[in-house]
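K.L.:
Could you have a look at this structure, given as structure tokens, before my questions?
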Amino acid sequence: RMNYLIKVPRNVRLIVEGSGEAHFEGVAGDIQANMHQGEITLRLPQDGAFGIDASVRVGSVISDFPGDTKRRTWFLGHTFTGAPQTAHKLYLREGFGDILILKASPTVTIAAR
């Protein structure tokens, strides 16, 4: 088992393919993720505008962002689309697993005296 932590500029365009889990945090650019098995999790800026095209063959798509949800035949798959006119595009495909599209919590700064 291998884990990678890759730091990239906030507005970078990412393309990821493979199996396993892919977690994105704080990325505000275009993301294209095509995973065969596992989970895709995105924690996106709350104020960001994203065009979302997400689909799962077996599993669910859960999103904090507004959009349309459709179940596939026999409740095995799930699709989600939202705000296609926006600047940043999310193209997400999962074979067997889930896609979670979450709004990141705002950063809290604590000042010490």
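The values are calculated or read from the model by the stated rules, or taken from the named source; none is laboratory data. Everything numeric in this text was worked out from a predicted model, so none of it was measured. Heads up, the Cβs are rebuilt from the backbone with ideal geometry, glycines too, and the neighbour counts pull from every protein chain shown. Ligands, DNA and RNA are excluded from the accessible area calculation, which covers all protein heavy atoms including side chains. Shrake-Rupley method; radii C 1.70, N 1.55, O 1.52, S 1.80 Å.
K.L.:
Please work out the FRET efficiency for the pair LYS7 and LYS70, using the Cβ-Cβ distance as r and a Förster radius of 35 Å; give the result to the nearest 0.05.
P.N.:
FRET efficiency, LYS7 to LYS70: 0.50.
K.L.:
With all protein chains present, how much of the accessible area of the chain (probe radius 1.4 Å) comes from carbon and sulfur, to the nearest whole percent? Don't skip to the answer; put the middle values down first.
P.N.:
Details: 4120 of 7820 Å².
Reported share for carbon and sulfur atoms: 53 percent.
K.L.:
Also, I was wondering about something else. Given the Cα-Cα distance of LEU102 and VAL58 and 0.36 nm per residue of separation, how much length would full extension add, in nm?
P.N.:
Numbers: separation 44, 0.36 × 44 = 15.84 nm, distance 1.99 nm.
Stretched fully, the LEU102-VAL58 segment lengthens by 13.8 nm.
K.L.:
Follow-up question, since we're still on this one. Given H placed on each backbone N at 1.01 Å, which residues far from LYS89 in sequence or on other chains put an amide H within less than 5 Å of it?
P.N.:
Residues meeting the criterion, in which the H sits 1.01 Å from N, are ASP30, ILE31, GLY51.
K.L.:
Of LYS70, LYS103, LYS89, which has the largest mean-square fluctuation in a 10 Å C-alpha GNM of the chain?
P.N.:
LYS70
K.L.:
While we're here: Using the Kirkwood radius built from alpha carbon pairs, what does the Stokes-Einstein equation give as D for the range 8-54 at 10 °C and 1.306 mPa s, in µm² per second?
P.N.:
Details: Rh = 11.3 Å.
Taking Rh from Cα pairs, D becomes 141 µm²/s.
K.L.:
Please find, in a Gaussian network model of the chain (springs between Cα atoms separated by less than 10 Å), the residue of VAL56, VAL27, VAL12 whose mean-square fluctuation is greatest.
P.N.:
VAL12
K.L.:
Assuming 0.36 nm per residue, please report the length gained on full extension of the stretch GLN37 to ALA87 beyond their Cα-Cα distance. Mind showing how you got there, number by number?
P.N.:
On the way: separation 50, 0.36 × 50 = 18.00 nm, distance 2.84 nm.
Length gained between GLN37 and ALA87: 15.2 nm.
K.L.:
Of MET35, MET2, which has the most accessible area and how do the rest follow, probe 1.4 Å?
P.N.:
Numbers: MET35 10, MET2 135 Å².
Heavy-atom accessible area, descending, gives MET2, MET35.
K.L.:
OK, next. Leaving out ligands and nucleic acids, note down the accessible area per residue over the chain with a 1.4 angstrom probe, in whole Å². Intermediate values should be presented prior to the final figure.
P.N.:
Working: 7820 Å² over 113 residues.
Roughly 69 Å² per residue, with all protein chains present.
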